[in-house]
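Peer 1: Please find one structure pasted underneath; my questions will follow.
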Amino acid sequence: MYFYSHIQLDGQGSVRWAHGLEFIAYGLNLNNEVFGFYQGTPQFMIQREYYEPTVAAGFRWSPLREK
């Protein structure tokens, strides 16, 4: 069993603002790559999986510690 070539582009980032507030965003499979595997040669497909890009964003708050 062999995997089809698969290059998936993912990304993640965050920005910390004042008073413990942070903005977070990520994206998975941004290039919409197909995942799958085959037996023998690529024309004998066993399984192919199609995923669309996934993106999410949000805020996180952590109380600051006094020094």
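Peer 1: Could you tell me whether the stretch 40-47 includes any residue that is among the β-branched types (Val, Ile, Thr) and surrounded by 10 or more Cβ atoms within 10 Å (Cβ to Cβ)?
Peer 2: yes
Peer 1: Any chance the stretch 41-52 includes a residue that's in contact with a strand residue (DSSP E or B) (Cβ under 8 Å, 6 or more places away or on another chain), among the polar types (S, T, N, Q) and not in a strand (DSSP E or B)?
Peer 2: So far as the stretch 41-52 goes, no, none of its residues is in contact with a strand residue (DSSP E or B) (Cβ under 8 Å, 6 or more places away or on another chain), among the polar types (S, T, N, Q) and not in a strand (DSSP E or B).
Peer 1: Next question. Taking the stretch 9-22 as the region of interest, how many residues are touching a Leu at 6+ places or on another chain (Cβ under 8 Å) and either assigned to a loop (DSSP other than H, G, I, E, B) or at pLDDT 95 or above (or both)? Steps first, please.
Peer 2: Here is the first cut: in the stretch 9-22, the residues touching a Leu at 6+ places or on another chain (Cβ under 8 Å) are 9-11, 19-20.
From what is left, the residues that are either assigned to a loop (DSSP other than H, G, I, E, B) or at pLDDT 95 or above (or both) are 9-11.
Number of matching residues: 3.
Peer 1: Residues Ala25, Ala56: which one is under 14 Å from the mean Cα position of the chain (by Cα), of a type outside the set (Lys, Arg) and either in a helix (DSSP H, G or I) or surrounded by fewer than 11 Cβ atoms within 10 Å (Cβ to Cβ) (or both)?
Peer 2: Ala56
The values are calculated or read from the model by the stated rules, or taken from the named source; none is laboratory data. Owing to the predicted nature of the structure, the values given are computational and were not obtained by experimental measurement. Every residue, glycine among them, receives a Cβ derived from its backbone with ideal geometry; neighbour counts consider all protein chains shown.
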